[in-house]
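I have placed the structure first, in the form of structure tokens, so that the comments after it can refer back to it.
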There are 2 protein chains.
Amino acid sequence: MGELTVRGAPPKQDRSRITRQRLLESAVTCLAERGWSGSTVMVVAEHAGVSRGAAQHHFPTREDLFTAAVEYVAEERSAVLRRLPAPTSTRAAVEEVVGLYTGPLFRAALQLWVAASYEPQLGPRVSALELRIGRETHRMALELLGADERAPGVRETVQGLLDMARGLGLANLLSDDSARRGRVVAQWARILDDVLKR
Amino acid sequence: MGELTVRGAPPKQDRSRITRQRLLESAVTCLAERGWSGSTVMVVAEHAGVSRGAAQHHFPTREDLFTAAVEYVAEERSAVLRRLPAPTSTRAAVEEVVGLYTGPLFRAALQLWVAASYEPQLGPRVSALELRIGRETHRMALELLGADERAPGVRETVQGLLDMARGLGLANLLSDDSARRGRVVAQWARILDDVLKR
């Protein structure tokens, strides 16, 4: 954080932590709403109600800010994954998995992902993050579905489900796709029920 | 095109058509490689080897150029869809459908789609386009799979397959995902074979 820890001065540390937290949350919101090109450090600082100087103290460059925001998105998504209740049916499990791809966290991650395809500074960082999130999501999906990956085809079945969930998230980007999505989820939950219980 | 048709002067018309075509192709390439923020009319004109004045003659604004490029992407994708050979198996059909989402046309469309989520001028145009392409792709997928949509669940099964194809396209954005994709396609082709032939 670039700050000395002064004994007996927790308020300053707290303020610093709160400022950092607000900047990261604003970075995710700005990214989801305005895309990479519209999300500069100044835009994020203004959105967070933080001075430009304070923002630059925490994050000297735009890449620093959004790399930290990427990490923040990853941690938030992991927390979401861990908090998911144990589903009572395949359909509930599929709904939870698909739900990970339809909120503002996915929108922010998508903007970063797409920006990483043409921004050399972002590419390797975002690829590494996606690999990590992908593995964690896969493991969680297996648990939610009560599926055993040692059975032939189960790994690819669950991978395909996660690809479908990502595609459903993309379909929700420009308009509310929830009605159609609900029907697709219901049908594919029926199919998965058959496939996984065979 | 903003040009008078002069009798006996086809070369000028031809030149104009060729210039327009080159600008549209360059717009798609720039969009796929540099994203929306990196794709100005000047960048596209330079890529196409066309003077800025000529580019502005054809497309007075950035929105004009990329709206036309969106249309061009749509027409190219329709042409790709129509040229697809009749598949000999469910797996070949799934491979053809998924193949639509892994080339430069999908990359360009994805960049536009994501830009449309925060660029008000693009939003309605891209939504309308996606609706049209979505319907056409759905119809084509039904044909390729030899599926009858009147049977219960078939519509949602095919919609889910197209969502999966879109998610597979997204997974291919930052790195070559073809090996994993091949295994997912093989497994889901087996599942679809069962579901559609029931």
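The values are calculated or read from the model by the stated rules, or taken from the named source; none is laboratory data. Keep in mind that this is a model prediction, so the values were computed, not measured. Cβ: placed from backbone, ideal geometry, glycine included. Neighbour counts: every protein chain shown. Only protein heavy atoms, including side chains, enter the accessible area calculation; ligands, DNA and RNA are left aside. Shrake-Rupley method; radii C 1.70, N 1.55, O 1.52, S 1.80 Å.
Some notes on this structure:
- B:LEU23 meets the conditions (1) closer than 30 Å to B:ASP193 by Cα; (2) among the aliphatic types (A, V, I, L, M); (3) out of contact with any Asp or Glu (no Cβ under 8 Å at 6 or more places or on another chain) in every case but one. The failed one is (1).
- Residue satisfying all of: in the stretch B:75-133; more than 25 Å from B:ARG34 (Cβ to Cβ), open to solvent by 50 Å² or more (accessible area, probe 1.4 Å) and at pLDDT below 85; nearest to the other protein chains (Cβ to nearest Cβ) among these: B:ARG132
- Long-range neighbours under 7 Å by Cβ, at least six apart or interchain, first residue free of Cβ contacts under 8 Å to residues at least 40 places away in the same chain within the stretch A:80-103, second buried (at least 17 other Cβ atoms within 10 Å of the Cβ) and outside any helix (DSSP H, G or I): A:VAL80/A:LEU100
- Test: residue in the stretch A:53-65 that is open to solvent by less than 50 Å² (accessible area, probe 1.4 Å), of a type in the set (Val, Ile, Thr) and free of Cβ contacts under 8 Å to residues at least 40 places away in the same chain: no
- A:SER117 fulfils the conditions (1) closer than 22 Å to A:ALA171 by Cβ; (2) in contact with a helix residue (DSSP H, G or I) (Cβ under 6 Å, 6 or more places away or on another chain) except for a single criterion, (2).
- Of everything listed in (1) over 16 Å from the mean Cα position of the chain (by Cα); (2) under 20 Å from A:LEU170 (Cα atoms); (3) in a helix (DSSP H, G or I), the single unmet condition for B:ASP64 is (2).
- Of all residues in the stretch B:166-185 being within 7 Å of chain A (Cβ to nearest Cβ) and among the hydrophobic types (A, V, I, L, M, F, W, C), the one that is farthest from the chain's Cα centre (by Cα): B:VAL184
- Every test in (1) more than 21 Å from A:VAL184 (Cα to Cα); (2) open to solvent by 20 Å² or more (accessible area, probe 1.4 Å) is passed by B:GLU149 save one, and that test is (1).
- Output for the stretch A:114-129, where each listed residue is without any contact (Cβ under 8 Å) to a residue 24 or more places away in the chain and of a type in the set (S, T, N, Q): A:SER117, A:SER127
- Selection status of A:SER37, of a type in the set (S, T, N, Q), surrounded by 12 or more Cβ atoms within 10 Å (Cβ to Cβ) and modelled with pLDDT under 90: yes
- Residues that are on the phi > 0 side of the Ramachandran plot and either within 11 Å of chain A (Cβ to nearest Cβ) or β-branched (Val, Ile, Thr) (or both) within the stretch B:137-165 comprise just one, B:GLY153.
- The criterion of being touching a Ser or Thr at 6+ places or on another chain (Cβ under 6 Å) and either free of Cβ contacts under 8 Å to residues at least 24 places away in the same chain or crowded, with 20+ Cβ neighbours inside 10 Å (or both) does not hold for A:GLY160.
- Scanning the stretch A:9-19 for residues that are open to solvent by 80 Å² or more (accessible area, probe 1.4 Å) and either under 30 Å from A:VAL114 (Cα atoms) or at pLDDT below 85 (or both) yields a total of 3.
- All positions within the stretch B:40-52 that are part of a helix (DSSP H, G or I) and loosely packed, with under 14 Cβ neighbours inside 10 Å: B:MET42, B:ARG52
- Considering (1) buried (at least 20 other Cβ atoms within 10 Å of the Cβ); (2) in a helix (DSSP H, G or I); (3) hydroxyl-bearing (Ser, Thr, Tyr), the lone condition that A:THR29 does not fulfil carries the number (1).
- Of the criteria (1) buried (at least 16 other Cβ atoms within 10 Å of the Cβ); (2) not in a helix (DSSP H, G or I), which one A:ALA69 fails: (2)
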